[in-house]
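Worksheet: the structure to be examined is printed underneath.
The values are calculated or read from the model by the stated rules, or taken from the named source; none is laboratory data. On a predicted model such as this, the values are computed, not experimentally measured, just so you know. Don't worry about glycine lacking a Cβ; one is built from the backbone with ideal geometry, like all the others, and counts go over all protein chains shown. Accessible surface areas use protein heavy atoms only, side chains included; no ligands, DNA or RNA. Shrake-Rupley method; radii C 1.70, N 1.55, O 1.52, S 1.80 Å.
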Amino acid sequence: MSDPGPSFGGATTPRGRRRRRLGVLFAGLCAAATAVGVLALGVLLTDVALDGLPSLDGDFLVNFGSRIPERAGIKAALAGSVWILTLTALISFPVSVAAAIYLEEYASQNWITRTIQTNIANLAGVPSIVYGILGLALFVRFFRLDRSVLSGALTLSLLIMPVIIMAAQEAIRAVPGTIREAAYGLGATRWQVVRTQVLPSAMPGILTGTILALSRAVGETAPLIMVGAVGYLAFTPAGPMDRFTVLPLQIYNWVSRPQDEFRALAAAGIVVLLLLLLSMNAVAIVLRNRYQTRN
Amino acid sequence: MATIYDIETGGRVPALEAQGLSVFYGELEAVKDVSLTIPSRQVVALIGPSGCGKSTLLRCFNRMNDLVPAARVEGAVTFHGQNLYGDDVDPVEVRRRIGMVFQKPNPFPKSIFDNVAFGPRVNGHEGDLDMLVEASLKQSALWDEVHDRLQDSAYALSGGQQQRLCIARTLAVKPEIVLMDEPASALDPIATQRIEELIYELKKDYTIVIVTHNMQQAARISDYTAFLYMGHLVEYGPTETIFTNPKEEQTEAYITGRFG
């Protein structure tokens, strides 16, 4: 066999061709995997939009539920979801961020801290129905908050706090140690370092994690059924102690009816839920950009 | 064995005195029983090979090692007759009076003005902040380059300018001693020269302790030099003596480039 010389003909040898084919095959597999997700989402959105858009009009947003499909609307569920979302955000955000700051900036690295850390990670994996049962026992019964918006928001806060805490810890850990050293070196106290340097730098990451967690909360049904959200309500909550229903529950309620008209209403409800999620993501992006340009 | 090096300080008041200082990182003893006197308004260089404990020793002087959870300090550092490691000493106050400039320029992700104003603000400065910022930037020879863009991000500055900003930021707190941990190691030769000229100027008002990897730099800018090896203070004395007529064989081997 002759010396191949200074050629780059690797692609023409059998071995070289096989290597090339493997590379192309792998890229193709990855592209196909991506396409599965994108296509599924595309089909889902198109299907829901086709079914739901005809029913989605101004009346749909301002009417309460009804046995007559033409008169049924989503007002109570939309208002309930917004109430739940707002209260959940107000409760879970400060508590989670404070917990993350404590774990990252104050707690000493001993077995207690490690135990807490492991438990937070485990809590993030607990099924939501379990949180529902806890919410029922703790908030509805023990604290006598009854089947209120507040009970629901507290339950969902417990559900998403582990996720926000872990996201906030990641964001705080990503703040360069050199920035902390510089601030300490100038005679700043621990609180001043956290408030003036660590939190502003970590805020974009914390906000992203919070919005993602809230997006999960807005789609939850099971724990809210446990704490007493109902499928039909003819009023919107006027305060945190009122009864409530939420979008996913209303959608489920409609889907389970035998008449086709209610299926169309469910599709319209899904469109509203998706729009709510999209606008939350938009808020996250705006907040993130605001913080980043300020630096 | 502890050796206290008596050095000719020309009757100068000692700014800092370390007595039997040892630092442990868990089981590892990074600084071993070091005693030395830092004379006031002089430049003292700490030299030695990587891992010899010179940065760790420097960080003892403003209690930065407190921030490393596994670090433990034994011995005493005396400053104005008070042990910095005494029970009633607040490390936050120590760091205000003994400032520090770090190896890599580490400005805050804020404007040039806010970087310099940070220290005075957290320390409750009362008075004209604009004047203080201007004076600090002039002291660090940066004012002429940035006076018309104080609200720009500090990240827009070059590496050398960022390091001079960090020096201005340290000076704005009005410390008595400035600790510098290889302040020019991440800079090009021109920027390094500017920092060295600056150190020469600052010596008039401040005591400076500088860690450096660069022996020529130590020879150029310092009045006293301490050579550390494996956590021990091998030799300490006037820079000229250390570089021309060292007493210890290890010192001579290091400065002539036989190891390190």
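The test for being outside any helix (DSSP H, G or I), away from chain A (no Cβ under 14 Å) and either out of contact with any Ser or Thr (no Cβ under 8 Å at 6 or more places or on another chain) or surrounded by fewer than 17 Cβ atoms within 10 Å (Cβ to Cβ) (or both) does not hold for B:THR37.
For region A:102-126, the candidate set comprises residues that are of a type in the set (A, V, I, L, M) and within 22 Å of the chain's Cα centre (by Cα); within that set, the residue that is most open to solvent (accessible area, probe 1.4 Å) is A:LEU123.
Among the residues in region A:246-254, are any crowded, with 17+ Cβ neighbours inside 10 Å, assigned to a loop (DSSP other than H, G, I, E, B), at pLDDT 90 or above and among the hydrophobic types (A, V, I, L, M, F, W, C)? Within region A:246-254, one or more residues are crowded, with 17+ Cβ neighbours inside 10 Å, assigned to a loop (DSSP other than H, G, I, E, B), at pLDDT 90 or above and among the hydrophobic types (A, V, I, L, M, F, W, C).
Filtering region A:1-52 to residues that are more than 46 Å from the chain's Cα centre (by Cα) and modelled with pLDDT of 95 or more leaves nothing. Kindly provide the set of residues from region B:115-154 that are more than 21 Å from B:ALA191 (Cβ to Cβ) and touching a residue at least 40 places away in the same chain (Cβ under 8 Å), ordered by number. Residues satisfying the conditions are B:ALA117, B:PHE118, B:GLY119, B:PRO120, B:ASN123, B:LEU132, B:GLN151.
Here's a check for you: in region B:116-131, which residue that is part of a helix (DSSP H, G or I) and within 13 Å of chain A (Cβ to nearest Cβ) is surrounded by the most Cβ atoms within 10 Å (Cβ to Cβ)? Restricting to residues being part of a helix (DSSP H, G or I) and within 13 Å of chain A (Cβ to nearest Cβ), the top hit is B:VAL116. Residues that are within 22 Å of B:TYR206 (Cα to Cα) and either more than 12 Å from chain A (Cβ to nearest Cβ) or assigned to a helix (DSSP H, G or I) (or both) occur at least once in region B:96-104. For region B:66-111, the candidate set comprises residues that are touching an Asp or Glu at 6+ places or on another chain (Cβ under 9 Å) and among the small types (Gly, Ala, Ser); within that set, the residue that is surrounded by the most Cβ atoms within 10 Å (Cβ to Cβ) is B:GLY99. Residues that are within 20 Å of the chain's Cα centre (by Cα), closer than 30 Å to B:LEU57 by Cα, within 10 Å of another protein chain (Cβ to nearest Cβ) and part of a loop (DSSP other than H, G, I, E, B) occur at least once in region B:107-115. Could you list, in sequence order, all residues of region A:177-223 that are among the hydroxyl-bearing types (Ser, Thr, Tyr), at the interface with chain B (Cβ under 8 Å from one of its Cβ atoms) and in a helix (DSSP H, G or I)? Scanning region A:177-223 gives A:THR178, A:TYR184, A:THR196, A:SER201.
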